[in-house]
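Since the structure comes first, as structure tokens, the remarks are kept for the end.
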Amino acid sequence: MFRTELKIDPSPTKVAIDNKILTVGSCFANSIGTRLSVNKFQSIVNPFGILFNPISIVKNLTIALDGNLPEDGGYLEMEGIHCHYDLHSDLSSSSINQLKTLVNQVFTNVNRQLSEANFLIITFGTAIIYERVSNGELVANCHKVPAGEFRRRLLTQKEILAAFEAFQLKLVEKNPEINIILTVSPVRHLKETLVDNSVSKSTLRLAANTLTQNNEKIHYFPAYELLLDDLRDYRFYADDMLHPSVAAEDYIWNKFSVTFFEDETSNLVARWNKIQKALSHKAFHPESEAHQNFLRATINELENISAYMDVSKEIENISSQLK
């Protein structure tokens, strides 16, 4: 025995291929959301950009759920680029009007998805927050504004629970069937120091545990423990020694699949992965009979799976290559 493998009980609540899913939060929300999208799940991936602290995550979700928009007082301009304190710099523009149009579109889409979604996947990144000295407002992103304009502090579990539970009550009123999957990001926030990062992650993990214990619609997936306690080796980290490597992401995705997918969903994903490999095939002789037969066989596979997922663009692309 050279490692301790984390055994996860299969979840009684399953994610199906036709489910609508929204992922929000830290880097894992990007990772898991992207893989869901690539595998043809109906997912919206981190629409606010990467958000690290639970209060900012819940704040944006609540604003979207209520059909509102972020406050105008949160917009700022840095070196000719407009952004918003509640959002990641992925949502930015050289034009304030273009940015507001983009933000309006994002929050409208999230409002719709929250109303219809089967699953909301949330990843907490850090419990360390920054508040504007001028008005006490907590920010999701400092956008390289001088540090002297912010106060840094650690959230308490009580603050996280109060904000999350208030949001969840509103959410179930609008969408009673939605399930929430909570995760804690395994990515260490080294700039906060390893000591403070440890306290921060402990706060997040304790809050997540309390939320899952108190509500059968909230589920915890141990992405944090899988990297730190199961894989537990720097060969499973990227070059920055902070983020998981591709091999680690593959391992965590497989664990997620085993935990939340029915056999039928897993089989569909496996079939789609096989088709994806065929789609990525590059032919040396595109007009050869062998390759044309290969294209026809691929179209046949796509048509067979089209009852379960939208592959119309793939069929159109392959059909255009037939001679």
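No lab work stands behind these numbers, since they all come straight from the coordinates. Everything quoted here is computed from the prediction, not taken from an experiment. As a convention, Cβ positions derive from the backbone with ideal geometry for all residues, glycine included, and neighbour counts pool all protein chains shown.
Using 1/(1 + (r/R0)^6) with R0 = 30 angstrom and r between the beta carbons of Lys217 and Ala247, what's the FRET efficiency to the nearest 0.05?
On the way: r = 33 Å, r/R0 = 1.09.
Using R0 = 30 Å, I get an efficiency of 0.40.
List the lysines whose Cα sits under 16 Å from the Cα of Lys191, skipping any in the same chain fewer than 8 residues away.
Filter leaves Lys144, Lys201.
How far is it, in nm, from the label point at Lys158 to the one at Asp90 when both lie 7 Å from their Cα along the line to the Cβ?
3.5 nm
Ranking His291, His88 by Cβ neighbours within 10 Å, fewest first, what do you get? Display every interim value, and only then the final one.
Values: His291 16, His88 19.
With the sparsest Cβ surroundings first, the list reads His291, His88.
Hey, fewest Cβ within 10 Å first, where do Cys27, Cys142 land in order?
Numbers: Cys27 20, Cys142 14.
Neighbour counts put them in this order, fewest first: Cys142, Cys27.
Using 0.36 nm per residue, how much length does the chain from Asn68 to Val133 gain when fully extended, once their Cα-Cα distance is taken away? Walk me through the numbers on the way to the answer.
Values: separation 65, 0.36 × 65 = 23.40 nm, distance 2.52 nm.
Fully extending the segment from Asn68 to Val133 adds 20.9 nm.
List the equivalent ellipsoid semi-axes of the range 143-199 in whole Å, largest first, each obtained as the square root of 5λ for an eigenvalue λ of the Cα gyration tensor. Show your work: numbers first, answer last.
Numbers: eigenvalues 179, 50, 28 Å².
Equivalent-ellipsoid dimensions as semi-axes: 30, 16, 12 Å.
Just rank Asp240, Asp18, Asp196, fewest to most, by other beta-carbon atoms within 10 angstrom. Before the final figure, lay out the partial values.
Numbers: Asp240 8, Asp18 12, Asp196 16.
Fewest-to-most ranking of Asp240, Asp18, Asp196: Asp240, Asp18, Asp196.
Taking the Cα-to-Cβ direction at Val145 and at Asn293 and moving 7 Å from each Cα, how far apart do the two end points lie in nm?
Placing both labels 7 Å along Cα→Cβ, they lie 6.6 nm apart.
Run the simple label-point estimate for Glu5 and His285 please: 7 Å along Cα→C-beta, distance reported in nm.
Label at Glu5, label at His285, 4.6 nm between them.
Going by Cα centres, the range 22-37 and the range 187-259 are how many Å apart?
The range 22-37 and the range 187-259 have Cα centres separated by 14 Å.
I'd like to know how the range 110-160 sits against the 2.2 N^0.38 Å rule of thumb: what's its Cα Rg over that expected value? Before the final figure, lay out the partial values.
Values: Rg = 14.8 Å, N = 51, 2.2 N^0.38 = 9.8 Å.
Cα Rg divided by the expected 2.2 N^0.38 Å: 1.51.
Tell me the label only: which of (1) -0.32, -0.91; (2) -0.39, -0.90; (3) -0.43, -1.04 is log10 I(q)/I(0) by the Debye sum over Cα atoms at q = 0.08, 0.13 Å⁻¹ as calculated from this structure?
Identified label for the calculated read-out: (3).
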